[in-house]
1. Test VAL99 against the stated conditions and say whether it is touching a residue at least 12 places away in the same chain (Cβ under 8 Å), in contact with an Asp or Glu (Cβ under 6 Å, 6 or more places away or on another chain) and farther than 24 Å from GLY329 by Cβ.
2. ILE192 - would you say it is surrounded by fewer than 22 Cβ atoms within 10 Å (Cβ to Cβ), within 16 Å of GLY172 (Cβ to Cβ) and at pLDDT 95 or above?
3. Restricting attention to the range 1-58, and to residues there that are surrounded by fewer than 21 Cβ atoms within 10 Å (Cβ to Cβ) and aromatic (Phe, Trp, Tyr), which single residue is farthest from GLY108 (Cα to Cα)?
4. Just checking, which of LEU216, LEU265, LEU245, LEU270 is crowded, with 19+ Cβ neighbours inside 10 Å and either free of Cβ contacts under 8 Å to residues at least 40 places away in the same chain or touching a Gly at 6+ places or on another chain (Cβ under 7 Å) (or both)?
5. How about the range 93-121: which of its residues are within 20 Å of the chain's Cα centre (by Cα), farther than 20 Å from ALA133 by Cβ and of a type in the set (A, V, I, L, M, F, W, C)?
6. How many residues does the range 35-58 contain that are at pLDDT 95 or above and either over 13 Å from the mean Cα position of the chain (by Cα) or in a helix (DSSP H, G or I) (or both)?
7. For the subset of the range 61-88 comprising residues that are touching a Phe, Trp or Tyr at 6+ places or on another chain (Cβ under 6 Å) and outside any strand (DSSP E or B), which member is surrounded by the most Cβ atoms within 10 Å (Cβ to Cβ)?
8. So which residues in the range 256-304 are assigned to a helix (DSSP H, G or I), assigned by TED's automatic domain parsing to the domain that holds GLU200 and hydroxyl-bearing (Ser, Thr, Tyr), if there are any at all?
Amino acid sequence: MLTSEAIVLEEFNQPLVIKRVIIPDLQSNQVLVKIKYASICGSQLYEWRGERDNQKWLPHLLGHEAFAEIVEINSDNNSFFVGQKVIISWLTNGLPSGVAPTYKDINGKVINAGKNAVFATYSVVSIDRIFPAHPAIEEKLAPLFGCAIPTGGGMVYKSLDDYLGGPVLVKGFGGIGMASAACLKILGIKDIRVSDFSLERLNVAVEMGFTPISALAKPSSSNQYELIFETTGSARSIEESFNLLAYPGKLVFASHPPKGSMVTLDPYDLIKGRKIEGTWGGGIKNQKEFTHICELMAGHIELEHFVGKEFNFREVNQAIAYTSQGHRGRALLNFELA
């Protein structure tokens, strides 16, 4: 009987609990992986706070982006092999999907999990949620390729067809915002401006060659940005960003505000040429597109900018606090430390 140490959300706004869980037998199109590194996304903060309408799934195993090694496979598909290093993502690669696994702790209590829950030393994931790790990607950076980098890079890459060359604004400089700004730079955009509440994150923006704008400051003028990428997870920020657009101009947002949030827009602005669109995972639809974004971004982004502080996975509650306080870079959980 194989067991795993897992990070479990039992109650909202309470410390996460590390529990010993029993690994279930693999069902069709499931893969057992040994997690090496995972990173904390803003979505985990929303889940922890109960802002994802996730009460019915408690207790449940968290996490959705990781770097891992395949231990066992139950699938007729031969795209992957035991011992292969992979990236775990909530994005799908186009293969048939396995069911979400159910774990039990040593006392028999059920622990729910999604198809790509990765905050555990060993995890069962669906085969459609894994991607080969690109050889140019550093291991500690690899988890970000499961969410932040394909989302931020993809939303930029797929939004530049009508871009005429004016200043571009990135609102929010967490993992997705950093990836968006980095992709803009890689694609040759010159005037990239970054807005965030965190002075620490704005200092990183300066280090990366971007123009910082404090989100606490009142915008100097409206109608100034032809293109805005919004990543904060705030409905209010989406509205504010839309009002900064030029005519014509486009706002692309990847943020996922808490359930029940609403956005108010003036339809006259739409008539005059402003556009708004959401993006699901940067528009990445399959393994080919995922690989393309990886190849575009790999080797051009620096670990010290994207990864903030590294934590032993047992220090997950400190890592949650680090993330919620707006520090630089993604909090990284190391699952190989005893």
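The values are calculated or read from the model by the stated rules, or taken from the named source; none is laboratory data. As the structure is a prediction and not an experimental result, all values here were calculated from the model. Don't worry about glycine lacking a Cβ; one is built from the backbone with ideal geometry, like all the others, and counts go over all protein chains shown.
1. no
2. yes
3. Across the range 1-58, the extreme among qualifying residues is TYR46.
4. Going through LEU216, LEU265, LEU245, LEU270 in turn, the sole match is LEU245.
5. ALA100, ALA113
6. Matching residues across the range 35-58 total 3.
7. The residue in question is GLY63.
8. The answer is TYR268, and nothing else.
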